[in-house]
Amino acid sequence: MSVRKIIELDNIRRDFQVGEEVVHALRGVSFSITEGEFVTIMGTSGSGKSTLLNTLGCLDTPTSGEYYLDGISVRTMSKNQRAILRNRKIGFVFQNYNLLPKTTAVENVELPLMYNSAIKADERRQRAIEALKAVGLGDRLEHKSNQMSGGQMQRVAIARALVNNPAVILADEATGNLDTRTSFEILVLFQKLHAEGRTIIFVTHNPDIAKYSSRNIRLRDGKVIEDIYNTNIQSAEEILATLPQNDED
Amino acid sequence: MNITNLFKIAMRALANNKMRAFLTMLGIIIGVASVIAMLAIGQGSKISIQNQISEMGANMIMIHPGADRRGGVRQDPSAMQTLKLENYETLRSEARLISSISPNVSASGQLIAGANNYPSSVSGVSIDYLDIRQLKVKDGTMFTQNDINTSAKVCVIGKTIVDNLFPDGTSPLGKVIRFNQVPFRVIGVLQAKGYNSMGMDQDAVVLAPYTTVMKRLLAQTYLNSIFASALSEELSPLAVEEISTILRREHKIKEGFEDDFTIRTQEEISSMLNTTSTLMTTLLACIAGISLVVGGIGIMNIMYVSVTERTREIGLRMSVGARGIDILSQFLIEAILISITGGLIGVIFGCGISLLIKFVANWPIFIQPWSVLVSFAVCTITGVFFGWYPAKKAANLDPIEAIRYE
Ligand SMILES: Nc1ncnc2c1ncn2[C@@H]1O[C@H](COP(=O)(O)OP(=O)(O)O)[C@@H](O)[C@H]1O
Ligand SMILES: [Mg+2]
């Protein structure tokens, strides 16, 4: 079976003009990611992880280099075309959840589909409910974002990233705001999605997380300094079982 | 992007921020409501003044003794005695451009009927006075030329006098009332007219033959004033000229010397009062305009703040695939919904307040359809315009910066 290349980066550079100086956030990054990989991207703060992820997520355009997302060249696209591409091919999970305030879980998850007129209201709601069930929040559909714990909010955010059935899920420090146990719960969820065949790119500065992914890319000063496939993926679920129970939930 | 979804997006955003939506609306509600109410008050008083002026008399011309006093210069008391009964008689026989004419002499004192008394004045007039002032005798009759010729001690009284002298409701017709010891027989009662625009009770009148008042009450030969009616409104200025010519001749005033009498017409008074009420309407409109502007600034302020406050929301929407145009549309739809809802509530409030003032405070109120339309349109446009600018700003945000915004 030939594997589909979801992401192909060729010598990506990203320079930021800060006053007189030019900051080189990415200095020639090249790699490709195939369907079904769970890639962690690591590096110290300022190494260019977020810039890379924004580029992968079509939020940012590289200064030079080629980027193909699911076979489509992104570099030459207009702002609007990139917005549509994000809507159809990408699911974002942020460190601080970024849910709409005072809005129910279902409505939050429906959001990406609101910007896709091909999907009718019934289907939209149905898919939002399914996505919420997939992240284990089938019983919290009408809970508002301010009535949920951090872990629950991040699950809603993951459901929102799943709902458009994206080519790749991009997570930037998705467990950064959560305690150890909740972080593992989220990791379990990502591993489950991975097992279902989804492509995931997970940015983190926590080196321990590499054990649970299928591949780890390490950045330093805007360059890839290490790219290792993990043949011995550990189960986050087993670790979770050894952790003490939280009071909440 | 389909409009139904954008509409739904905007509705959800509004529903999640009811307080903000309400505060924005408040500016529009106050703006629209105050414009409608103020204009209704202004227009109402204008119309009521016009009505009262036309009720005051028919193309009325008033001739007073003394030079034009509008300058405020004090006059010699003798100057106030220049209008003589002969002048009235000459005018009556010579002036061609007037339909009716009546002398007016006035005596003030106390009216007494049985145990009741009431301070009042008695106007000595001719029969024409009724036509000139548009008065009607409701019960009984007006005095006759014969009564005038014989200086008969008869009178016709207004409703206020009836109410005060005959509080028990007995008919005053045929009754004798005393004025400064002189007995008058009541032969008629006037139809009530109410208060005029200057707050004067038009029913506190006692009319008697001018001969009676001059001879039996005052023993004077000069008149307080002469009232006349021009043949038509258009002829009024010519009638004034004719009267002036006759009086100057009678008073032997040489060319180049000032009149020793003053002639005013109803039109003059009405235009004077109209100027006042126009001034008031303008003033009210200004106040209303200011509240409209304040309302608009309120809208702009809240819209602007909400873009800043909602930067992350905008960033998030963009990250899940909203284009600039989608964000712009969302904010515009929000602004339009708020403005139209606020405008409608403002119209309801404005009309409600106007009617409340009408029925509670008894002010004359007239709600003009165009004022409702204009204030609604202006506020809605203000809301949409002030909503557009921050929306444009939101649409141009960079998604990365927006989502990272703290
Ligand atoms: N919008 C920007 N303008 C200027 N410099 C930026 C911008 N975004 C990132 N940088 C710089 O690029 C480098 C990489 O940043 P970032 O990708 O956020 O790193 P990380 O996520 O690994 O901490 C940093 O030196 C940062 O200061
Ligand atoms: Mg970062």
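The values are calculated or read from the model by the stated rules, or taken from the named source; none is laboratory data. Computed from a predicted structure; not experimentally measured. Here Cβ is always computed from backbone atoms with ideal geometry, including for glycine, and neighbour counts include all displayed protein chains. Ligands, DNA and RNA are stripped out before the accessible areas are found, and what is left, the full protein with its side chains, is counted by its heavy atoms. Shrake-Rupley method; radii C 1.70, N 1.55, O 1.52, S 1.80 Å.
Which number in (1) under 27 Å from residue A:5 (Cβ atoms); (2) open to solvent by 40 Å² or more (accessible area, probe 1.4 Å) marks the one condition that residue A:162 misses?
Among (1) under 27 Å from residue A:5 (Cβ atoms); (2) open to solvent by 40 Å² or more (accessible area, probe 1.4 Å), the lone unmet condition for residue A:162 is (2).
Would you be able to say whether some residue in region B:297-311 is under 30 Å from residue B:382 (Cβ atoms), open to solvent by 60 Å² or more (accessible area, probe 1.4 Å) and within 14 Å of another protein chain (Cβ to nearest Cβ)?
Looking for residues that are under 30 Å from residue B:382 (Cβ atoms), open to solvent by 60 Å² or more (accessible area, probe 1.4 Å) and within 14 Å of another protein chain (Cβ to nearest Cβ), one finds at least one in region B:297-311, hence yes.
Inside region B:97-132, can you point out the residues that are surrounded by fewer than 22 Cβ atoms within 10 Å (Cβ to Cβ) and outside any strand (DSSP E or B)?
B:97, B:114, B:115, B:127, B:128, B:130, B:131 - these are the residues of region B:97-132 that are surrounded by fewer than 22 Cβ atoms within 10 Å (Cβ to Cβ) and outside any strand (DSSP E or B).
Based on what the data block shows, is residue A:44 within 9 Å of ligand 1 (Cβ to nearest atom), open to solvent by 20 Å² or more (accessible area, probe 1.4 Å) and under 23 Å from residue A:229 (Cβ atoms)?
Yes: the conditions hold for residue A:44.
Among residues belonging to region A:167-181 that are more than 16 Å from ligand 1 (Cβ to nearest atom) and surrounded by fewer than 22 Cβ atoms within 10 Å (Cβ to Cβ), point out the one that is nearest to residue A:92 (Cα to Cα).
A:167
I want to confirm something. Restricting to region A:164-199 and keeping residues that are among the aliphatic types (A, V, I, L, M) and farther than 23 Å from residue A:148 by Cβ, which single residue is farthest from ligand 2 (Cβ to nearest atom)?
Start the filter on region A:164-199 by keeping residues that are among the aliphatic types (A, V, I, L, M), which leaves A:167-171, A:174, A:178, A:186-189, A:193, A:195.
Applying the additional criterion that residues be farther than 23 Å from residue A:148 by Cβ yields A:167-168, A:195.
Numbers: A:167: 22, A:168: 18, A:195: 27 Å.
Step by step, filter region A:164-199, then rank; the result is A:195.
Which members of region A:51-66 meet the condition of being under 18 Å from residue A:199 (Cα atoms) and within 16 Å of ligand 2 (Cβ to nearest atom)?
A:52, A:53, A:54, A:55, A:56, A:57
Which is assigned by TED's automatic domain parsing to the domain that holds residue B:218, more than 28 Å from the chain's Cα centre (by Cα) and surrounded by fewer than 15 Cβ atoms within 10 Å (Cβ to Cβ), of B:149, B:164?
One residue alone meets the criteria, B:149.
Here are some conditions: (1) touching a residue at least 12 places away in the same chain (Cβ under 8 Å); (2) within 16 Å of ligand 1 (Cβ to nearest atom); (3) more than 9 Å from chain B (Cβ to nearest Cβ). Residue A:75 meets all but one. Which one does it not meet?
Status for residue A:75: all satisfied but (2).
So, of the residues in region A:103-133 that are among the charged types (D, E, K, R) and under 18 Å from residue A:169 (Cα atoms), which turns out to be nearest to the other protein chains (Cβ to nearest Cβ)?
Taking the candidates together, the pick is A:110.
Cβ-Cβ below 8 Å, separation at least six or inter-chain, first residue in region B:245-265 and open to solvent by less than 80 Å² (accessible area, probe 1.4 Å), second in a loop (DSSP other than H, G, I, E, B) and of a type in the set (A, V, I, L, M, F, W, C): which pairs?
Qualifying pairs under 8 Å: B:246/B:95; B:259/B:67; B:259/B:253; B:260/B:67; B:260/B:253; B:261/B:67; B:261/B:83; B:262/B:67.
Output yes when any residue across region A:51-69 is more than 10 Å from chain B (Cβ to nearest Cβ), near ligand 1 (Cβ under 9 Å from one of its atoms) and closer than 16 Å to residue A:28 by Cβ, and no when none is.
Looking for residues that are more than 10 Å from chain B (Cβ to nearest Cβ), near ligand 1 (Cβ under 9 Å from one of its atoms) and closer than 16 Å to residue A:28 by Cβ, one finds at least one in region A:51-69, hence yes.
I want to confirm something. Restricting to region B:316-329 and keeping residues that are surrounded by fewer than 23 Cβ atoms within 10 Å (Cβ to Cβ) and not hydroxyl-bearing (Ser, Thr, Tyr), which single residue is farthest from the other protein chains (Cβ to nearest Cβ)?
Among them, the one singled out is B:328.
Yes/no matrix, rows are residues, columns are (1) out of contact with any Ser or Thr (no Cβ under 8 Å at 6 or more places or on another chain); (2) more than 28 Å from residue B:290 (Cβ to Cβ); (3) not assigned by TED's automatic domain parsing to the domain that holds residue B:343:
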position: B:15; (1), (2), (3): yes, yes, no
position: B:22; (1), (2), (3): yes, no, no
position: B:40; (1), (2), (3): no, no, no
position: B:45; (1), (2), (3): no, no, no
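Just to verify a result, which residue in region A:78-89, among those that are more than 8 Å from every other protein chain (Cβ to nearest Cβ) and without any contact (Cβ under 8 Å) to a residue 24 or more places away in the chain, is most open to solvent (accessible area, probe 1.4 Å)?
A:81
When you go through (1) under 30 Å from residue B:237 (Cα atoms); (2) surrounded by 20 or more Cβ atoms within 10 Å (Cβ to Cβ) one by one for residue B:94, which number turns out not to apply?
(2)
If you go through region A:144-166, how many residues are more than 13 Å from chain B (Cβ to nearest Cβ) and either within 16 Å of ligand 1 (Cβ to nearest atom) or among the hydroxyl-bearing types (Ser, Thr, Tyr) (or both)?
Within region A:144-166, residues that are more than 13 Å from chain B (Cβ to nearest Cβ) and either within 16 Å of ligand 1 (Cβ to nearest atom) or among the hydroxyl-bearing types (Ser, Thr, Tyr) (or both) number 1.
Go through the residues of region A:34-47 one by one and say whether even a single one is within 16 Å of ligand 2 (Cβ to nearest atom), within 14 Å of chain B (Cβ to nearest Cβ) and touching a Leu at 6+ places or on another chain (Cβ under 6 Å).
No, because not a single residue in region A:34-47 is within 16 Å of ligand 2 (Cβ to nearest atom), within 14 Å of chain B (Cβ to nearest Cβ) and touching a Leu at 6+ places or on another chain (Cβ under 6 Å).
Considering region B:367-379 alone, what residues qualify as being assigned to a helix (DSSP H, G or I) and modelled with pLDDT of 80 or more?
The initial filter retains those residues of region B:367-379 that are assigned to a helix (DSSP H, G or I), namely B:369-379.
If the condition is that a residue be assigned to a helix (DSSP H, G or I) and modelled with pLDDT of 80 or more, then B:369, B:370, B:371, B:372, B:373, B:374, B:375, B:376, B:377, B:378 are the ones that fit.
Assess whether residue A:96 counts as being more than 15 Å from ligand 1 (Cβ to nearest atom), within 13 Å of chain B (Cβ to nearest Cβ) and either within 22 Å of residue A:27 (Cβ to Cβ) or modelled with pLDDT under 95 (or both). Please lay out each step first, then the result.
Working: more than 15 Å from ligand 1 (Cβ to nearest atom): no; within 13 Å of chain B (Cβ to nearest Cβ): yes; either within 22 Å of residue A:27 (Cβ to Cβ) or modelled with pLDDT under 95 (or both): yes.
Criteria not met by residue A:96.
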